[in-house]
Amino acid sequence: MDQLDRSPHLITKFHNSPAIPLVVGEGDEEQILYVHETLLVTTSEYFRVALQSNFIEGQEKRCSFQDDKPYAFHCLVQYLYKGDYNVTTAWPAAEGGEQQSWFLLHAHCFALGNKLVTSSFKKFVVYRLAGVLQNADDPPTMETLLAMARIVYEGTLPQDGHAMRDLLALYYASRLGGEGGHCAKPDSMCWKPVEIEGLMNNQQTEFIVDVLKRVRGSSSVDVGKFMRHHYKKA
């Protein structure tokens, strides 16, 4: 159900279905995105139940998400129609430094996919972020990585967020260096002692435990190996 069938038959079918308004955010940040109902219900268990039932969403054919980020929904909509998404177009005026904010957006996308029960989108987000982390010239700072972990760990349980949790913990472990460390990256990419202390003083116990499990593991993020284990392309 969560694998998007891109056959001409379905393309015709979803264009003939009504466009559902998704009201995302609130106040000055509120945005309304219109998505064909067939795309929503064939890729998301949340929308299937909400729109094909007697719930108010099904009666009004309208869904509201006041507590969510419009930018993550922009990525979801791009993915539904194109099978891909671009954080730079979904959030062109990213706050607080573009690249660091775009890292956070990947985490928000994964949490959103988990909330909407759309496993194909979640898998793609992990796949996309793994490639970004491996090739980033401006890697996530400790502050950014901890914020990403907070978004993912608060938005998932171990059983439904394991792929992204594994990726973040593996990435953190890959940048550990110094005596007894495993950092195979340039010195500028390895965590400094003060940054490592920042993790250990952080209150994200689950993330810390996951990192420690991987300290003796792989010394670098091997995207190919990681994705063969966690992800199968549709």
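The values are calculated or read from the model by the stated rules, or taken from the named source; none is laboratory data. Since the model is a prediction, treat every value here as computed from it, not as a measurement. Note that each Cβ is placed from the backbone with ideal geometry, even for glycine, and that neighbours are counted across all protein chains shown. Accessible surface areas use protein heavy atoms only, side chains included; no ligands, DNA or RNA. Shrake-Rupley method; radii C 1.70, N 1.55, O 1.52, S 1.80 Å.
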Within the stretch 140-158, can you find the residues that are open to solvent by 20 Å² or more (accessible area, probe 1.4 Å) and in a loop (DSSP other than H, G, I, E, B)? Thr141, Leu157
Scope the stretch 38-73; condition surrounded by fewer than 18 Cβ atoms within 10 Å (Cβ to Cβ), of a type in the set (A, V, I, L, M, F, W, C) and either in contact with a helix residue (DSSP H, G or I) (Cβ under 8 Å, 6 or more places away or on another chain) or at pLDDT 90 or above (or both); matching residues: Val49, Phe55
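Within the stretch 91-108, is even one residue more than 24 Å from Tyr153 (Cβ to Cβ) and of a type outside the set (D, E, K, R)?
Step one: list which residues in the stretch 91-108 are more than 24 Å from Tyr153 (Cβ to Cβ), which gives 92-93, 98.
Checking which are of a type outside the set (D, E, K, R) leaves us with 92-93.
So far as the stretch 91-108 goes, yes, one or more of its residues are more than 24 Å from Tyr153 (Cβ to Cβ) and of a type outside the set (D, E, K, R).
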If a residue must be open to solvent by 30 Å² or more (accessible area, probe 1.4 Å) and more than 14 Å from Leu105 (Cα to Cα), how many such residues does the stretch 79-90 contain? 3
Reported set for the stretch 15-37 where residues are loosely packed, with under 15 Cβ neighbours inside 10 Å, within 25 Å of the chain's Cα centre (by Cα) and assigned to a helix (DSSP H, G or I) is Gly27, Asp28, Glu29
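In the stretch 196-213, how many residues are at pLDDT below 80 and either assigned to a loop (DSSP other than H, G, I, E, B) or surrounded by 17 or more Cβ atoms within 10 Å (Cβ to Cβ) (or both)?
At the first step, the residues of the stretch 196-213 found to be at pLDDT below 80 are 196-203.
Checking which are either assigned to a loop (DSSP other than H, G, I, E, B) or surrounded by 17 or more Cβ atoms within 10 Å (Cβ to Cβ) (or both) leaves us with 196, 199, 201-203.
Adding up the residues that qualify gives 5.
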